[in-house]
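The structure appears below as structure tokens.
The values are calculated or read from the model by the stated rules, or taken from the named source; none is laboratory data. What you are looking at is a predicted structure, and each value in this text was computed from that prediction instead of being measured. Note that each Cβ is placed from the backbone with ideal geometry, even for glycine, and that neighbours are counted across all protein chains shown.
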Amino acid sequence: MELHQLSILQAKDGLKKGKFSAKELVGLVFERIKKIDKKIKAFVTLNEKEALAQAEKADQVKDFEKKPLLGIPIAVKDNFCTCGLRTTASSNILKNYIPVYDATVVEKLKTAGAILVGKTNMDAWAHGSSTETSDFFTTRNPWNLDCLPGGSSGGSAAAVAADMCIGAIGSETAGSIRQPAAWCGTVGLKPTYGRISRYGLIAMGSSLDCPGPITKTVEDAALLLGILAGKDEKDATTLPKSTENYLKKMIPAIEGIKIGIPREYFTSGIQKEVLENVWQAVKLLEKMGGKIREISLLDPKYSVAVYTIIQRSEVSSNLARYDGIRFGEGREKFGQEAKRRIMLGTYTLSAGYYDQYYAKAQKVRTLICQDFDKAFQEVDLIIGPTSPSVALPVGATKDSFMFGELQDILVESSSLAGLPGINICCGFSPENLPIGLQIIGPKFSEQLILQVALSYQQATEWHRRKPNL
Amino acid sequence: MKISQIIIGLEIHIELKTKSKMFCGCSADHFGNKPNTQTCPVCLGLPGALPVPNKTAIEWTVLTGLALNCQIPKFSKFDRKNYFYPDLPKGYQISQYDSPFAISGWLELKNKRKIRLRRVHLEEDTGKLIHGIVDGKKCTLIDFNRSGVPLMEIVTEPDIRSSTEAKEFLEKLQMIVRYLGVSDAEMEKGQMRCEPTVNLKIEDGNKEFYTPLVEIKNINSFRFAQKAIDFEVNRLFEEFKQTRVEKKAGNKTTRGWDEKKGVTVLQRAKEEASDYRYFPEPDIPPIEWTDKDIENFKLKIEKLEPPDKKIERFVEQYQIPISFANTLCQDLNEADLFQAAVKYGRKYGIAPQLIANIMVNKRIQYKDLSPKALIEKINLLSNFTVSEEEISHMAKEVMKEFPAAVEDYKKGKIQSLGFLVGQVQRKTKGKSDPKIVQKILLEKLGN
Amino acid sequence: MRKRLTGKEVIHIAKLAKIPLHYNEVKKFQTQLSETLKYIEILSELNTEGVQPCYQVTGLKNIGRKDKTEKSLDISEVFSSKKSFKNMFKTEAVLDKT
């Protein structure tokens, strides 16, 4: 295996044992980027000089005990503020913006010794599920360059799938980690809302946004979650619940675990290959000891409406600070999607419409939370397809004014309820496009989710497949 | 036609003197400082920044509410008020809309009238705008030092009936917040801002009419508040006589007070009800008080003697004129100093009235003095009204009363002199100059 | 059933949202926004009487910070993106806030 193909744990092991140096590892990652990123276009900004300098330092100090990510090249989605390094949210308004502070997530990565490879492309302002609505360029899916990687963390997912980094960070408001992970065949973990600090994450939907890891293996996701989770004094919505060392407690679990299969997530709207592969995975989990039962959840079409209203309302307010006075360009530089979302959100909050739209949506949100509470009294976890289809071709989002929200129909409910969910690869379509399976759990159940995901990963080989680049 | 009633409501903003700002750790003490030196990603509204509320600011708002006889709802939250203006970096102000920290209070005036308070809530202040000219073109310059400073907003019901009442209300409110120690409330420094809303009830024969509402801005002293209201009352009456336009939804106007010309000037022709699209602030969890929390807040207030009670007590207890009591009670520290000085001054027979007189008329710089130091200074200053003859007479008496001390002194015990001087001081109620007393005693003892 | 958004409504929304709109964009946004509104109408099918709105999924309450000062940004950091005019930010002249 080549160095850039390693997982985080494998790379850690190699570095510690002295099989290779951080400088070599980071150097090879950048070589890989130079070779194939012109085809994929996952990166907006590269951090090569600084990364190599950090790698050299890592090789000198070698404090592996104190720094769990020492020398590991990580890519970060371009909506996380990185001090001194351009941060754009893939928007023309922030085209030249250089933050003067680090997001808490970035601070934690640096403290852990991680090497920042660069900032990855996304749908502008995270408004989308394709990365096609980036104001700069479209990222391509490493499995098929004529297809989209999903979004909005498409750049991060593509970078991981194409081995242009050892691990990456994304963010999810509703689907933006899980869905690109599904389309790119990687692991993507959306934690419980409030688990990881949002300080320094360019806000989209404040009551929904969750930073999370996109990785090659389930164990890597567990490691990153442990490093990034925790209460932050600078984010009043972070949870005080003490975070466990997820990796340490990573023993596979499936025997006796009650798994709910919502019939609403397995309808005719889902692509045939997706349904087939997800069913195969469910059968395998049953064979391994999982107790499968069918459940019923509130029709996800309502979640799409709720999510559209709440997210766009919060977006309209969160994007009000971009007026070109203290930083960035003027508001005329907003792209079409951003303009649409801001205006719809302004409307749903406006006088005379607030009750009918925003207030109503927040009430239905309560119903959705209660619906999950009820379901989790019967089952421990819920499993289903992550996305209704495999990666769609480039150009699929044109003329679809709710593309993002409709694509994410299977993940919006859990996002609205603040629940954790993971995507793992469970097969490939006949065209060799990855198919994603999602595992959702009640709040704070990341450990169990990771353990079940690990069981599946250990019983299958999907995660070892690499795209042909 | 005559004015049968003047109707005034007040909207007051008070800057809290917390150490740090409302949602971040920047210093809140901004007045007069170099522009943009007290800002951070949060109060500058930079991408990714998040607000975290200042617990002290919240507590002070609840305490102010209690001092104003308000009810404290168990549940409150912050909301976003969305609008665009260059002094508002996030494009929204974090404020409170429908769940403020305190509601339904009142403040009683001298004439026993109770002015009802609708609410007391907490929000963040905006930056400061300055009009300027750069490269020959008019522009606006912005200083964000003040952005994010905690601001308490107090809204009264339209219960005030005259400009004098309005002035009294403002003065009382100022004293209360100073007493609580939550604000210095200097109007000239912008720490207390007032916007009166005025309209009139007019009687013509047996018919009644209400004039449209007018909100007055740009008032920076209590005196101007009174003048502006007086001006506006007249203007509204004259205008009604001309136009006969009555109060209607949407015809409220805003006028700015021009202190140079002594008039109000129309700022907006027609009120366009701004659509602020309030919604609950998703970045800040709500606040829920337990019964115990509210009990504790109430205890804190009970410990504090309200200013008008204090003034009454000073007049009675110390037999000082009410004007003196008023001045002394303006500041809690001054009032405390006075009381301590009175206690200490009893030893020297120095009357409370004298101490009050000296402090009020600033005959001594007492600001950083301890009570003891103050009394000593007063001692030096006070008139030594007793004549040398009287002192001589008293000295003789004292020497007769305390022969043992006289003996001791003659035997060489110098401290006895001091004792004898003290006795003469006592007899003359401190009004004899100790230097002269000593001189006379020495003369007599020498014999 | 809901009517299509009028051009006037679109212009009003754009003004509230401070989104500069070209005259020939109005019709396009009318169509697009109306389509989205049509979809979200389905919420009216659900009965939410007596249901409390969910503003915070965390369940957290009373989160705040102690009143102490932290270091502010250096003036060079404040003006790292835009030029300063006597240490202040510059924008077009505005009328007095009403």
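Is it true that some residue in region C:17-36 is surrounded by 15 or more Cβ atoms within 10 Å (Cβ to Cβ) and among the aromatic types (Phe, Trp, Tyr)?
Checking region C:17-36: at least one residue is surrounded by 15 or more Cβ atoms within 10 Å (Cβ to Cβ) and among the aromatic types (Phe, Trp, Tyr).
Filter region B:117-140 down to the residues that are more than 13 Å from every other protein chain (Cβ to nearest Cβ) and without any contact (Cβ under 8 Å) to a residue 24 or more places away in the chain and list them by number.
none
With the checklist (1) away from chain C (no Cβ under 14 Å); (2) over 17 Å from A:ALA157 (Cβ atoms); (3) among the aliphatic types (A, V, I, L, M) in hand, flag the one item A:VAL76 doesn't pass.
The one condition A:VAL76 does not meet is (2).
So which residues in region C:1-27 are within 9 Å of another protein chain (Cβ to nearest Cβ) and charged (D, E, K, R), if there are any at all? Talk me through it step by step, then tell me what you get.
Start the filter on region C:1-27 by keeping residues that are within 9 Å of another protein chain (Cβ to nearest Cβ), which leaves C:5, C:9-10, C:12-14, C:16-21, C:25.
C:GLU9, C:LYS18, C:GLU25, listed by residue number.
Out of region A:41-70, which residues are farther than 25 Å from A:ILE98 by Cβ and hydrophobic (A, V, I, L, M, F, W, C)?
A:VAL61, A:PHE64, A:LEU70
Kindly indicate which of A:SER429, A:SER387, A:SER400, A:SER445 is within 11 Å of chain C (Cβ to nearest Cβ) and among the small types (Gly, Ala, Ser). Don't jump to the end; show me each part of the working.
Numbers: A:SER429 fails: within 11 Å of chain C (Cβ to nearest Cβ); A:SER387 fails: within 11 Å of chain C (Cβ to nearest Cβ); A:SER445 fails: within 11 Å of chain C (Cβ to nearest Cβ).
Of the residues listed, the single one that is within 11 Å of chain C (Cβ to nearest Cβ) and among the small types (Gly, Ala, Ser) is A:SER400.
Looking at (1) in contact with a strand residue (DSSP E or B) (Cβ under 7 Å, 6 or more places away or on another chain); (2) of a type in the set (A, V, I, L, M, F, W, C); (3) within 14 Å of chain A (Cβ to nearest Cβ), which is the only condition B:ALA28 fails?
(3)
Given the options A:LYS62, A:LYS95, A:LYS49, A:LYS66, name the one that is at positive phi and charged (D, E, K, R). Spell out the reasoning first.
Working: A:LYS95 fails: at positive phi; A:LYS49 fails: at positive phi; A:LYS66 fails: at positive phi.
Going through A:LYS62, A:LYS95, A:LYS49, A:LYS66 in turn, just one is at positive phi and charged (D, E, K, R): A:LYS62.
Please go through region B:131-160 and pick out each residue that is under 23 Å from B:LEU63 (Cα atoms) and in a strand (DSSP E or B).
B:PRO150, B:LEU151, B:MET152, B:GLU153, B:ILE154, B:VAL155, B:THR156
Using the structure shown, decide if A:ILE74 is under 18 Å from A:PRO211 (Cα atoms) and touching a strand residue (DSSP E or B) at 6+ places or on another chain (Cβ under 8 Å). Working first, answer last.
Details: under 18 Å from A:PRO211 (Cα atoms): yes; touching a strand residue (DSSP E or B) at 6+ places or on another chain (Cβ under 8 Å): yes.
So A:ILE74 passes the test.
Specify which of the listed residues (C:GLY64, C:GLY50) is at pLDDT 95 or above, buried (at least 18 other Cβ atoms within 10 Å of the Cβ) and out of contact with any His (no Cβ under 6 Å at 6 or more places or on another chain). Lay out the reasoning, then the answer.
Values: C:GLY50 fails: buried (at least 18 other Cβ atoms within 10 Å of the Cβ).
The conditions single out C:GLY64.
Collect the residues in region A:341-372 that are among the polar types (S, T, N, Q) and at the interface with chain C (Cβ under 7 Å from one of its Cβ atoms), keeping them in residue-number order. Spell out the reasoning first.
Looking only at region A:341-372, we keep the residues that are among the polar types (S, T, N, Q), and these are A:346, A:348, A:350, A:356, A:362, A:366, A:370.
A:THR346, A:SER350, A:GLN362, A:THR366, listed by residue number.
With respect to B:ASN326, is the statement that it is in a helix (DSSP H, G or I), buried (at least 16 other Cβ atoms within 10 Å of the Cβ) and without any contact (Cβ under 8 Å) to a residue 24 or more places away in the chain true?
Values: in a helix (DSSP H, G or I): yes; buried (at least 16 other Cβ atoms within 10 Å of the Cβ): yes; without any contact (Cβ under 8 Å) to a residue 24 or more places away in the chain: yes.
Yes: the conditions hold for B:ASN326.
Take A:GLU329 and tell me if it is among the acidic types (Asp, Glu), more than 9 Å from chain B (Cβ to nearest Cβ) and either assigned to a helix (DSSP H, G or I) or without any contact (Cβ under 8 Å) to a residue 12 or more places away in the chain (or both).
Values: among the acidic types (Asp, Glu): yes; more than 9 Å from chain B (Cβ to nearest Cβ): yes; either assigned to a helix (DSSP H, G or I) or without any contact (Cβ under 8 Å) to a residue 12 or more places away in the chain (or both): no.
Considered against the rule, which asks whether it is among the acidic types (Asp, Glu), more than 9 Å from chain B (Cβ to nearest Cβ) and either assigned to a helix (DSSP H, G or I) or without any contact (Cβ under 8 Å) to a residue 12 or more places away in the chain (or both), A:GLU329 comes out as no.
Please tell me if C:TYR39 is within 26 Å of the chain's Cα centre (by Cα) and within 10 Å of chain B (Cβ to nearest Cβ). So that I can check it myself, show each step before the final result.
Details: within 26 Å of the chain's Cα centre (by Cα): yes; within 10 Å of chain B (Cβ to nearest Cβ): no.
It is false that C:TYR39 is within 26 Å of the chain's Cα centre (by Cα) and within 10 Å of chain B (Cβ to nearest Cβ).
Filter region B:49-92 for residues that are at the interface with chain A (Cβ under 9 Å from one of its Cβ atoms) and under 27 Å from the mean Cα position of the chain (by Cα) and give the result.
B:PRO53
Just to check your reading of the model, which residue among A:ILE292, A:ILE254, A:ILE270 is assigned to a strand (DSSP E or B) and either among the aliphatic types (A, V, I, L, M) or touching a helix residue (DSSP H, G or I) at 6+ places or on another chain (Cβ under 9 Å) (or both)?
Working: A:ILE254 fails: assigned to a strand (DSSP E or B); A:ILE270 fails: assigned to a strand (DSSP E or B).
Answer to the check: A:ILE292.
Every residue in region B:13-22 that is surrounded by 22 or more Cβ atoms within 10 Å (Cβ to Cβ) and either assigned to a strand (DSSP E or B) or free of Cβ contacts under 8 Å to residues at least 40 places away in the same chain (or both), please. Give the steps one after another, and end with the answer.
Going through region B:13-22, the residues surrounded by 22 or more Cβ atoms within 10 Å (Cβ to Cβ) turn out to be B:14-16, B:18, B:20-22.
Passing the criteria: B:ILE14, B:GLU15, B:SER20.
Within region B:103-115, is there a residue that is in a strand (DSSP E or B) and in contact with a Ser or Thr (Cβ under 6 Å, 6 or more places away or on another chain)? So that I can check it myself, show each step before the final result.
The first filter runs over region B:103-115 and keeps only residues in a strand (DSSP E or B), leaving B:103-108, B:114-115.
In the following step, the residues that additionally are in contact with a Ser or Thr (Cβ under 6 Å, 6 or more places away or on another chain) were identified as B:115.
Yes, there is a match, as at least one residue in region B:103-115 is in a strand (DSSP E or B) and in contact with a Ser or Thr (Cβ under 6 Å, 6 or more places away or on another chain).
Any residue that is more than 14 Å from chain B (Cβ to nearest Cβ), more than 15 Å from the chain's Cα centre (by Cα), in a loop (DSSP other than H, G, I, E, B) and crowded, with 17+ Cβ neighbours inside 10 Å - is there at least one of those in region A:209-220?
Of region A:209-220, the ones more than 14 Å from chain B (Cβ to nearest Cβ) are A:212-220.
After this cut, where a residue has to be more than 15 Å from the chain's Cα centre (by Cα) as well, the list is A:219.
From the residues that got through so far, the ones that are in a loop (DSSP other than H, G, I, E, B) too are none.
Checked against the condition, which is being more than 14 Å from chain B (Cβ to nearest Cβ), more than 15 Å from the chain's Cα centre (by Cα), in a loop (DSSP other than H, G, I, E, B) and crowded, with 17+ Cβ neighbours inside 10 Å, region A:209-220 yields no hits at all.
Quick one: B:TYR366 ticks every box in (1) assigned to a helix (DSSP H, G or I); (2) buried (at least 18 other Cβ atoms within 10 Å of the Cβ); (3) in the same structural domain as B:GLN339 (by TED's automatic domain parsing) except a single one, so which number is it?
(1)
Which pairs do you get when a residue that is within 7 Å of another protein chain (Cβ to nearest Cβ) and in a loop (DSSP other than H, G, I, E, B), found in region C:56-81, comes within reach of a residue that is among the basic types (Lys, Arg) and surrounded by fewer than 19 Cβ atoms within 10 Å (Cβ to Cβ), reach meaning Cβ atoms under 8 angstrom, with the pair 6+ apart or on two chains?
Correct list of pairs: C:GLY64/B:LYS55; C:LYS66/B:LYS55; C:ASP67/B:LYS19; C:ASP67/B:LYS55; C:LYS68/B:LYS19; C:THR69/B:LYS19.
Right, A:ASN92: of a type outside the set (Phe, Trp, Tyr), within 14 Å of chain C (Cβ to nearest Cβ) and over 23 Å from C:LEU73 (Cα atoms) or not?
Numbers: of a type outside the set (Phe, Trp, Tyr): yes; within 14 Å of chain C (Cβ to nearest Cβ): yes; over 23 Å from C:LEU73 (Cα atoms): yes.
The answer is yes for A:ASN92.
How many residues are exposed (fewer than 11 other Cβ atoms within 10 Å of the Cβ) and closer than 24 Å to B:PRO150 by Cβ when one looks only at region C:67-76?
Narrowing region C:67-76 to residues exposed (fewer than 11 other Cβ atoms within 10 Å of the Cβ): C:71, C:76.
This time we only want the ones that are closer than 24 Å to B:PRO150 by Cβ, so: C:71.
Count: 1.
Within region C:32-55, can you find the residues that are without any contact (Cβ under 8 Å) to a residue 12 or more places away in the chain, among the aliphatic types (A, V, I, L, M) and touching a Ser or Thr at 6+ places or on another chain (Cβ under 9 Å)? So that I can check it myself, show each step before the final result.
Restricting attention to region C:32-55, the residues satisfying the condition of being without any contact (Cβ under 8 Å) to a residue 12 or more places away in the chain are C:32, C:35-36, C:39-40, C:42-55.
In the following step, the residues that additionally are among the aliphatic types (A, V, I, L, M) were identified as C:40, C:42-43, C:46, C:51.
Scanning region C:32-55 gives C:ILE40, C:VAL51.
Only one residue in B:SER4, B:SER76, B:SER99 is surrounded by 19 or more Cβ atoms within 10 Å (Cβ to Cβ), farther than 24 Å from A:ARG321 by Cβ, in contact (Cβ under 8 Å) with a residue 60 or more places away in the chain and of a type in the set (Gly, Ala, Ser), so which one is that?
Values: B:SER4 fails: surrounded by 19 or more Cβ atoms within 10 Å (Cβ to Cβ); B:SER99 fails: surrounded by 19 or more Cβ atoms within 10 Å (Cβ to Cβ).
None of the other options fit; the residue is B:SER76.
From (1) touching a strand residue (DSSP E or B) at 6+ places or on another chain (Cβ under 6 Å); (2) modelled with pLDDT of 95 or more; (3) polar (S, T, N, Q), pick out the condition that doesn't hold for A:THR243.
Unmet for A:THR243, out of (1) touching a strand residue (DSSP E or B) at 6+ places or on another chain (Cβ under 6 Å); (2) modelled with pLDDT of 95 or more; (3) polar (S, T, N, Q): (2).
With the requirement that a residue be of a type in the set (A, V, I, L, M), part of a helix (DSSP H, G or I) and over 15 Å from C:GLN52 (Cα atoms), what does region A:333-363 give you? Walk me through it before giving the result.
Step one: filter region A:333-363 for residues of a type in the set (A, V, I, L, M), giving A:338, A:342-344, A:349, A:351, A:359, A:361.
Right, trim to part of a helix (DSSP H, G or I) and you get A:338, A:342-344, A:349, A:359, A:361.
A:ALA338, A:ILE342, A:MET343, A:LEU344, A:LEU349, listed by residue number.
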